[in-house]
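Notes for the one structure printed next.
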Amino acid sequence: MQVRDFIKHLKNGDRPPLTLILGEEQALREQAQQAIANMIPEDQKAMNFGRYDMHQTPVGVALDDATSMPFFGDYREVVIDSPYFLTGEKSTEKIDHDLTGLQAYFEHPVPSTMMVLVAPYKKLDERKRLTKALKKAALIVDAAPLDERSARMALAQIFRQHNVSIEPPALDTLVQRTNGQYSIMMGEVRKLLTYASDGSPLTVSAVSALVPKQLNDRVFDLVTDVLRKHAADALALYRDLLAQREEPIRLNALMLGQFRLLLQVKLLAQKGYGQGNIATTLKAHPYRVKLALRQVDRLPYHQLAQAYSGLVDTETAMKTGTIDKELAFELFMLKYTGQSTVGHHDRRR
């Protein structure tokens, strides 16, 4: 069941005794959790709401809570966070979880308790009896990451609900600055709604002023300047990042990661893979793949490989101390663009 349908389900008065919220999209998990938490009146939550992190608390404690009668209320809610024992994940904490008791509860949940398992995972281990028992009994809410189209539609709906007008290019800017990730977009929504509360439309300039570029987004711009061999722009942006106390080695590593993605996308595209298949094969966010395809469309493979090789050499030089870390990228850029004199006269500009 999708989160929006789950929320409607709750508003109709349905109270599932057992709910599994499964998926990696944080904003969707939070929306589903908030909707079910609202089922308990505010003045009853202190006595009838419990939340337990399975990395810190034995599940037996949650079971004791779940099997207790509501206190001055009709329902109790028990939230179990990060039930890693439903996956193949191994925990470093030595916590004794009563999984036999938990399975028995799944098979016979208490009607007056709403138990919610919040699983921030892509999938569970279907081979486990515990997982099978849960999936057989629970209402399963899908919190998988949204693709760009679905994220855009969800954001547009939120703005409509608040009677806020957002220009299409402004929505494009919001998507770009959040790398198409719905949870990050939702983190910016309150700020945008507050700005537009006086009836002002959300324009490109408004979104640009309110939503800062993330580091990965700025590194993407840096990679674009490198690929276009715009040495002056690349050096200016690099120095700006250094001025914001970003570490040269970290910046180089992020650039290496971006170029590695570009090389992989280029190879798969040449083999006939589409955007969706590339994203699945590389386990990369579809929006990142979309941008990468745009970048590599007219670039020869050898040019990407040359830049990647140069950054590998730069990283080695940084780590071995054979070159000043802040100077290393500048030398790489000048060598890559073949402009050995560009930038040296204004290095301390």
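The values are calculated or read from the model by the stated rules, or taken from the named source; none is laboratory data. Bear in mind the structure is a predicted one, so any value in this text is a computation, not a measurement. Note: ideal-geometry Cβ built from the backbone for every residue, glycine included; neighbour counts use all protein chains shown. Just the protein is used for accessible areas: all its heavy atoms, side chains included, with ligands, DNA and RNA removed. Shrake-Rupley method; radii C 1.70, N 1.55, O 1.52, S 1.80 Å.
Data table
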| read-out | value |
| --- | --- |
| Segment 41-59, residues that are of a type in the set (D, E, K, R) and more than 29 Å from Ser91 (Cα to Cα) | Glu42, Asp43, Lys45 |
| Some residue of segment 181-196 being farther than 15 Å from Lys213 by Cα, among the aromatic types (Phe, Trp, Tyr) and open to solvent by 60 Å² or more (accessible area, probe 1.4 Å) | yes |
| Residue satisfying all of: in segment 269-301; among the aliphatic types (A, V, I, L, M) and closer than 17 Å to Leu227 by Cα; surrounded by the fewest Cβ atoms within 10 Å (Cβ to Cβ) among these | Leu299 |
| Verdict on Ala144 being small (Gly, Ala, Ser) and either within 23 Å of the chain's Cα centre (by Cα) or assigned to a loop (DSSP other than H, G, I, E, B) (or both) | yes |
| Residue in segment 171-194 that is more than 30 Å from Lys266 (Cα to Cα) and over 21 Å from the mean Cα position of the chain (by Cα) present | yes |
| For Asp98: the one exception among (1) over 30 Å from the mean Cα position of the chain (by Cα); (2) at pLDDT below 95; (3) surrounded by fewer than 14 Cβ atoms within 10 Å (Cβ to Cβ); (4) over 30 Å from Leu146 (Cβ atoms) | (3) |
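Residues are listed down the side, and each one gets a yes or a no for (1) open to solvent by 20 Å² or more (accessible area, probe 1.4 Å); (2) in a loop (DSSP other than H, G, I, E, B); (3) under 30 Å from Val61 (Cβ atoms); (4) in contact (Cβ under 8 Å) with a residue 60 or more places away in the chain:
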residue: Ala104; (1), (2), (3), (4): yes, no, yes, no
residue: Met115; (1), (2), (3), (4): no, no, yes, yes
residue: Leu124; (1), (2), (3), (4): no, yes, yes, yes
residue: Arg127; (1), (2), (3), (4): yes, yes, yes, no
residue: Lys135; (1), (2), (3), (4): yes, no, yes, yes
residue: Ser150; (1), (2), (3), (4): yes, no, no, no
residue: Arg160; (1), (2), (3), (4): yes, no, no, no
